[in-house]
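Every number in this text was worked out from the coordinates using simple rules, so none of it is lab data. All of these numbers come straight from a predicted model, not from anything done at the bench. When we count neighbours, we look across all protein chains shown, and the Cβ atoms used for this are built from the backbone with ideal geometry, even at glycine.
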Amino acid sequence: AKAAGRRTFMRYDDNMDVAVRQRATLSSALRKVLDRGELRLVFQPRLSLATSRVTGVEALLRWSSPEHGDIPPNDFIPLAEESGLILEIGEWVLREACLVLGRWRQHGLDALTVSVNVSVLQLLRGDFPDVVRRVLADTGIPPGLLELELTESVLMANAEQTAAKLHAFRQLGVALAIDDFGTGYSSLAYLKRLPITTIKIDKAFVDGLPNDTEDAAITSTVIAMGHSLGLNVVAEGVETEAQMRFLAGRGCDEIQGFWVAQPLDALQCLAFIRNWRPDTPA
Ligand code: C2E
Ligand code: CA
Ligand code: CA
Ligand code: CA
């Protein structure tokens with residue numbers, strides 16, 4: 001029994017070691033990604049339910065590593081945050097997203113918006129509003145066409161400092177979205193306190209539509225509440241026509257999800273938007 005216990009312990013220990021080593025190699029690989037051009041952005045269209053037009057895109061980060069293959073952002077972004085690299089990566093994402101939008105604007109897509117995900121470390125950094133102002137100026141993007149997506153955890157961290165930053169962004173004219181709305185806690189308090197323009201209802205609540213009565217009640221309530229606060233309401237992770245119809249019936253402003261389109265590379269996304277007709281059957 002003792003030997004078995006020891007073996008179990010050893011195996012556990014070995015696994016831990018492997019996990020730690022994997023994280024360490026991933027972290028050091030991550031350190032080189034910017035230099036080696038291994039990062040790229042994909043873009044997912046967002047659709048207005050009132051007009052059936054593509055109103056904007058969300059930029060999503062992809063890492064294709066020659067050594068480790070394609071690593072999902074949910075795996076490497078936490079590592080980039082731990083090492084502080086997210087600051088450099090986040091600035092690259094912002095600039096690249098604005099550069100791509102700038103190219104699309106030359107094709108006449110002049111009302112299209114781009115949404116960029118922002119990590120807590122970026123927001124807490126003293127000069128982040130200056131970084132955003134500089135990127136907008138360098139790329140010639142009107143501030144009103146940029147939206148920053150912040151999760152509830154970002155908003156909870158250091159509430160005072162966060163509020164000041166958000167007001168600085170609003171002064172710039174940049175739109176501010178709460179991402180994954182409903183998955184954190186105390187969502188309602190900061191809706192009142194912070195100058196948010198958009199709520200993105202998390203996929204977790206959209207999944208059960210239209211039949212799950214709790215999900216239906218929650219989404220309907222969030223849409224109504226968002227509207228009474230003057231906010232733009234977007235539903236994420238819409239995968240079916242039935243979900244889309246439910247959301248349209250409740251007056252949800254916009255949808256995003258595989259039912260409209262998967263995240264696409266810049267060229268494919270431009271083609272998708274240009275070929276999209278409001279009556280295009282998806
Ligand atoms: P998110 O911001 O909530 O992004 C939405 C995620 O849902 C994306 O996953 C997208 O590909 C996926 N998605 C969209 N529509 C559907 C659908 O209909 N069904 C399903 N099953 N999934 C859908 P992705 O690209 O893997 O990104 C995961 C998360 O990584 C993002 O969640 C965001 O939190 C983070 N992330 C991605 N890019 C960046 C970035 O540039 N900076 C930061 N800080 N975080 C990022
Ligand atoms: Ca997002
Ligand atoms: Ca989200
Ligand atoms: Ca999410």
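The DSSP beta bridges internal to the chain are antiparallel in roughly 40% of cases. Note on the chain: helix-only mean residue ellipticity at 222 nm, from DSSP H runs of 4+ residues weighted -39500 (n - 2.57) and normalised by residue number, equals -16000 deg cm²/dmol. Across region 103-161 the C-alpha pair distances fall into 5 Å bins from zero in the proportions 4, 16, 24, 23, 15, 10, 6, 3, 0 percent.
A simple spin-label model places pseudo-atoms 7 Å from Cα toward Cβ; at Ser153 and Ala248 they are separated by 3.6 nm.
A simple spin-label model places the labels of Ala189 and Arg170 1.8 nm from each other, with each point 7 Å out along Cα-to-Cβ. Charge dipole of the chain (Cα centre as origin; +1 on each Lys and Arg Cβ, -1 on each Asp and Glu Cβ, all else neutral): 320 debye, rounded to the nearest 20. Springs between Cα atoms under 10 Å define the GNM used for the chain, and in it the highest mean-square fluctuation of Asp35, Asp215, Asp180 occurs at Asp35.
So for region 148-282, what percent of the C-alpha to C-alpha distances run longer than 21 Å? Here the long-distance tail beyond 21 Å is 46 percent of all Cα pairs in region 148-282.
I need the fraction of alpha carbon pairs in the chain separated by more than 29 Å, rounded to a whole percent. The calculated P(r) of the chain puts 39 percent of pairs beyond 29 Å.
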